[in-house]
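The values are calculated or read from the model by the stated rules, or taken from the named source; none is laboratory data. For clarity, every value in this text was computed on a predicted model and none was experimentally measured. Here the Cβ positions follow ideal geometry from the backbone for every residue, glycine too, while neighbour counts run over all protein chains shown.
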Amino acid sequence: MNYIVYLIIILNIIQSECIDLDFENCLLWPTYCTWNDSTNQCEDTNENGTDPSYGPYQFSSYNESNGLISSESYLSSTVFYPINNDSLLASIVIVPGAFSSETTMHSWASYYASYGYIAMTIGINDFFNDDCNDLANSLLDGIEVLKQENNRLGSPILNRVDINNFATSGWSIGGGAAQYAATLDSSLKAIIALNPGLAIQDYQNCTDPNYEYYCLVPEHLNHSTPVLIISSEGDIENPTDIDAAIHYSYTPNSTDKMLFELANGNHTTGLNPYAGLEDLGNTVLKWLDYHLLNNISSCNLLLNQPNSAVQFYTNLECYESILGDLNNDYIVNVLDIIVIVNYILAPSINQTSDLDINNDNEINVIDVLELINIILN
């Protein structure tokens, strides 16, 4: 009987027009529907099946049924990737919140892929028992799977994964897990925490047995990975002052960090890249552009408070770029030559902004010679 009821519900959703869907169901069908934050309605995508606010890249996706390597640490997964290019790509792994399916994060994954990133969504094995520590390890396992996919014959992303360039993201407790993952793996380059909640079971630092020794202390956010924390003014599940603001405060001041609270909204606002008249998606892309792709110009843009922000804090400091400083260490030397030579040998769309030293719209041995001249002079 329960099966029949469930089947009827699913059939009703499938047969519905986009405008009939609520926010969460709208996000389950990113190919056909998109949420309009201005009208607060679900709308049909345009005729070619893409949202007009997507980025410049067409994209595709695949999952375990298409050969994607699986993992016991999460329930299911889908990889979204840009097509029609052979470049090395930075990647981001995304996990949803409690009692939410992996497909809840497909809107973000497709959005990222349209801007040139590989984006992997993973599901939660056990809604009742998996905590932030479990989800953090699931995110890191997702990264390992992407590295394996980079080597697997038949993989759509074969030889396209930049294996040194990963970010984590999540919504609700998934957003807390994305932050905690950085305490487990210091190689992460960026974090996007959406309406996050975080509590860690810690018998040493958490003292209340009534909460099964779950708590949040600064040690749980002691990491060096740049973190963008997104919250919503109307979020009653994870209110900014109780969750996001505490996360920001507990993150070390030596770590690049930003808190962006959107006006109005609710706990699900972070699921929508177009929230705040697209301020949310634009800010996230600039954060990744700066911290994953080393685009210095995006740093200055991040300092501009979005129009939809009611709270906005950051310790980000930007410095003027130096011609030839390709690894952003503020010194021009042989390490920068290595960067440009590596690009020439294995081109990547993720690292092109500063490599064209002579500004001829090509990156080749002439730029290497120009860089050598800068170092010698």
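Of all residues in region 208-248, which are in a loop (DSSP other than H, G, I, E, B) and in contact (Cβ under 8 Å) with a residue 40 or more places away in the chain?
His223, Ser224, Thr225, Pro226, Glu233, Asp235, Glu237, Asn238, Thr240, Asp243 - these are the residues of region 208-248 that are in a loop (DSSP other than H, G, I, E, B) and in contact (Cβ under 8 Å) with a residue 40 or more places away in the chain.
With the checklist (1) of a type in the set (A, V, I, L, M); (2) modelled with pLDDT of 90 or more; (3) in contact with a helix residue (DSSP H, G or I) (Cβ under 7 Å, 6 or more places away or on another chain); (4) closer than 27 Å to Ser155 by Cα in hand, flag the one item Leu28 doesn't pass.
For Leu28, the exception is condition (2).
Considering region 253-307 alone, what residues qualify as being in contact with a strand residue (DSSP E or B) (Cβ under 7 Å, 6 or more places away or on another chain), closer than 21 Å to Tyr319 by Cα and among the charged types (D, E, K, R)?
Lys257
Looking at Tyr274, Tyr290 in this structure, which one is of a type in the set (Phe, Trp, Tyr) and either outside the structural domain of Thr103 (by TED's automatic domain parsing) or surrounded by fewer than 20 Cβ atoms within 10 Å (Cβ to Cβ) (or both)?
After applying the criteria, what remains is Tyr274.
It is to be established whether one or more residues within region 163-180 are farther than 28 Å from Ser249 by Cβ and either in contact with a strand residue (DSSP E or B) (Cβ under 6 Å, 6 or more places away or on another chain) or not assigned by TED's automatic domain parsing to the domain that holds Ser61 (or both).
Scanning region 163-180 turns up at least one residue that is farther than 28 Å from Ser249 by Cβ and either in contact with a strand residue (DSSP E or B) (Cβ under 6 Å, 6 or more places away or on another chain) or not assigned by TED's automatic domain parsing to the domain that holds Ser61 (or both).
How many residues, within region 325-339, are touching an Asp or Glu at 6+ places or on another chain (Cβ under 6 Å) and closer than 12 Å to Leu369 by Cα?
0
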